[in-house]
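Down below is the structure, laid out as structure tokens.
The values are calculated or read from the model by the stated rules, or taken from the named source; none is laboratory data. A quick note: this is a predicted structure, and the numbers were derived from the prediction, not measured. Don't worry about glycine lacking a Cβ; one is built from the backbone with ideal geometry, like all the others, and counts go over all protein chains shown. Accessible surface areas use protein heavy atoms only, side chains included; no ligands, DNA or RNA. Shrake-Rupley method; radii C 1.70, N 1.55, O 1.52, S 1.80 Å.
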There are 2 protein chains.
Amino acid sequence: MKDDFVPDVVISRLPLYLQELNHLAKEGLHTVSSKVMAARLGTTAAQIRKDLSYFGGFGKQGSGYQIYDLIEQLQKILNMDHVWQVVVVGAGDLGRALTHYQGFASQGIEIVALFDVDPKLVGTQVGSIAVRHVDEMEDELKNLGIKIAILTVPGGVAQEVAEKLVKFGVRAILNYAPVSLMLPEEVHVQHIDPVPHIQKMMYYL
Amino acid sequence: MKDDFVPDVVISRLPLYLQELNHLAKEGLHTVSSKVMAARLGTTAAQIRKDLSYFGGFGKQGSGYQIYDLIEQLQKILNMDHVWQVVVVGAGDLGRALTHYQGFASQGIEIVALFDVDPKLVGTQVGSIAVRHVDEMEDELKNLGIKIAILTVPGGVAQEVAEKLVKFGVRAILNYAPVSLMLPEEVHVQHIDPVPHIQKMMYYL
DNA sequence: TAGATTGTTAATCGATTAACAATC
DNA sequence: TAGATTGTTAATCGATTAACAATC
């Protein structure tokens with residue numbers, strides 16, 4: 001009922017709920033119970049209800065949740081009521097793939113710039129975005145007030161580039177480089193790396 | 001001391017330890033304490049020692065862990081004593097980026113095939129790998145006994161393709177499609193999606 | 001009304017942390 | 001030896017689950 005303190009695990013699950021709700025909406029449904037949601041997400045109904053209850057009572061006894069309503073509520077909770085402009089640093093394959101990934105737009109995420117140091121890449125076009133030199137990053141980040149960056153540079157320079165981003169105002173980094181970034185704790189870092197995921201599965205095989 | 005039961009969270013952390021140890025080795029170090037490791041990974045020394053203790057006592061009082069020795073031990077635990085052949089399904093930007101990602105080889109992961117349905121993509125070359133039609137998947141997977149697949153197809157067909165993979169013998173899927181796959185529970189699934197990660201950070205900004 | 005499902009409390013379960021004897 | 005650091009136990013902390021009164 002109060003947004004006093006919400007465990008981090010709960011926050012991590014909200015985007016998954018939102019995603020599933022979007023799927024349900026696309027299937028033409030208007031209402032869903034915690035039980036059905038749980039089955040589709042591979043969780044438990046109790047957990048979904050508990051998680052949502054940190055933010056309010058969005059359901060109705062007997063019938064469950066209004067899908068469109070809950071989508072709106074979750075979007076508000078996740079600060080999705082405005083579009084967040086995001087930059088990508090590193091114009092390798094991965095950086096380019098992310099730059100024209102179609103799934104961002106509908107989720108309030110807009111890629112506004114792509115940077116690299118390689119003179120062979122600078123100036124080339126990735127969809128509607130031109131690759132620019134990292135030297136121009138400072139101006140761009142400060143002018144647009146960018147708070148979120150995606151990092152797809154080689155591991156060897158990731159720390160250094162991340163520190164620059166922070167210096168220029170970035171407060172959240174999605175890190176695709178295979179290193180643990182050491183940054184001030186007020187900077188949010190999410191690490192994505194296929195290797196540990198695959199290795200984890202290797203253990204179980 | 002016994003591999004009786006090891007919590008899943010612990011398994012998730014082993015690859016991160018391994019990664020950090022590889023970094024330390026590359027920096028020329030031979031020995032490391034749980035305290036130093038913890039500082040570099042942003043964890044606690046107690047957790048690292050506890051995690052490792054599920055598998056044995058690898059350290060020495062007073063001096064810590066032999067880096068090369070611990071790397072070997074972790075590789076053994078994670079079944080990395082042989083190379084795992086992996087296929088990628090979906091030859092879009094992301095699939096191609098992953099197919100020639102340089103970081104796999106050193107971690108015992110070998111991408112052996114890339115499949116798609118798009119006739120414009122089939123036959124094209126991605127590094128040393130030729131894109132093949134999904135119809136050829138069954139033969140390839142069965143012949144090579146492939147157990148691990150990376151899925152980078154559009155969300156709309158991910159479930160269907162995943163079921164095919166399972167039918168052809170795959171037991172672990174790294175899923176880049178923005179959907180929760182519904183598969184038999186003996187199949188291991190790891191889901192990677194930048195959107196939820198960014199949305200989680202949005203909450204905190 | 002009868003059936004379904006919520007939000008919430010209390011009970012359970014599991015993971016993290018602190019502490020320290022053992023020992024290199 | 002003195003200092004450092006392990007592996008492990010016990011204490012703490014936090015998250016999940018079960019249960020159910022409230023109510024649509």
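Tabulated results
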quantity	calculated
The one condition in (1) within 20 Å of A:GLY156 (Cα to Cα); (2) without any contact (Cβ under 8 Å) to a residue 24 or more places away in the chain that B:HIS100 fails to fulfil	(2)
Considering residues of the stretch A:181-200 that are assigned to a loop (DSSP other than H, G, I, E, B) and within 18 Å of the chain's Cα centre (by Cα) only, the residue nearest to the other protein chains (Cβ to nearest Cβ)	A:ILE192
Counted residues, the stretch B:74-91 - those being in contact with a strand residue (DSSP E or B) (Cβ under 9 Å, 6 or more places away or on another chain) and surrounded by fewer than 18 Cβ atoms within 10 Å (Cβ to Cβ)	2
Matching residues in the stretch A:58-91 - criterion: being touching a Leu at 6+ places or on another chain (Cβ under 9 Å) and without any contact (Cβ under 8 Å) to a residue 12 or more places away in the chain	A:ASN79
Qualifying residue in the stretch B:32-52 (condition: in contact with a strand residue (DSSP E or B) (Cβ under 6 Å, 6 or more places away or on another chain), within 13 Å of DNA strand D (Cβ to nearest atom), in the same structural domain as B:LEU18 (by TED's automatic domain parsing) and more than 30 Å from A:ASP93 (Cα to Cα))	yes
Residue check for B:VAL36: open to solvent by 50 Å² or more (accessible area, probe 1.4 Å), near DNA strand C (Cβ under 10 Å from one of its atoms), assigned to a helix (DSSP H, G or I) and not basic (Lys, Arg)	no
The stretch A:2-21, subset part of a helix (DSSP H, G or I) and of a type in the set (Asp, Glu), residue nearest to the other protein chains (Cβ to nearest Cβ)	A:GLU20
Selection within the stretch B:77-94 - within 15 Å of the chain's Cα centre (by Cα) and at the interface with chain A (Cβ under 9 Å from one of its Cβ atoms)	B:ILE77, B:LEU78, B:ASN79, B:MET80, B:TRP84, B:VAL86
Hits in the stretch B:46-63 - residues which are in contact with a helix residue (DSSP H, G or I) (Cβ under 9 Å, 6 or more places away or on another chain) and closer than 19 Å to B:LEU78 by Cα	B:GLN47, B:ILE48, B:ARG49, B:LYS50, B:ASP51, B:LEU52, B:TYR54, B:PHE55, B:GLY56, B:PHE58, B:GLY59
Identity of the residue in the stretch B:39-60, away from DNA strand C (no atom under 11 Å from the Cβ) and assigned to a helix (DSSP H, G or I), that ends up surrounded by the fewest Cβ atoms within 10 Å (Cβ to Cβ)	B:ALA39
Verdict on A:GLY108 being at positive phi and within 16 Å of DNA strand D (Cβ to nearest atom)	no
Selected residue (criterion: surrounded by the fewest Cβ atoms within 10 Å (Cβ to Cβ)) from residues of the stretch A:161-179 that are in contact with a strand residue (DSSP E or B) (Cβ under 7 Å, 6 or more places away or on another chain) and in a loop (DSSP other than H, G, I, E, B)	A:ARG171
Some residue of the stretch A:161-174 being modelled with pLDDT under 95 and either within 10 Å of chain B (Cβ to nearest Cβ) or more than 22 Å from B:LEU151 (Cβ to Cβ) (or both)	no
Looking only at the stretch B:95-123, and only at residues there that are β-branched (Val, Ile, Thr) and under 20 Å from B:ASN175 (Cβ atoms), the one that is nearest to the other protein chains (Cβ to nearest Cβ)	B:ILE109
Only listed residue being away from DNA strand C (no atom under 11 Å from the Cβ) and part of a helix (DSSP H, G or I), chosen from B:LEU29, B:LEU24	B:LEU24
Unmet requirement for B:TYR203, which otherwise passes all of (1) in contact with a strand residue (DSSP E or B) (Cβ under 9 Å, 6 or more places away or on another chain); (2) modelled with pLDDT of 95 or more; (3) at the interface with another protein chain (Cβ under 7 Å from one of its Cβ atoms)	(1)
Search result, residues across the stretch B:61-88 that are more than 10 Å from DNA strand D (Cβ to nearest atom), of a type outside the set (S, T, N, Q) and in a loop (DSSP other than H, G, I, E, B)	B:LEU78, B:MET80, B:ASP81, B:HIS82, B:VAL83
The stretch A:61-76, subset within 14 Å of another protein chain (Cβ to nearest Cβ) and among the polar types (S, T, N, Q), residue farthest from DNA strand C (Cβ to nearest atom)	A:GLN75
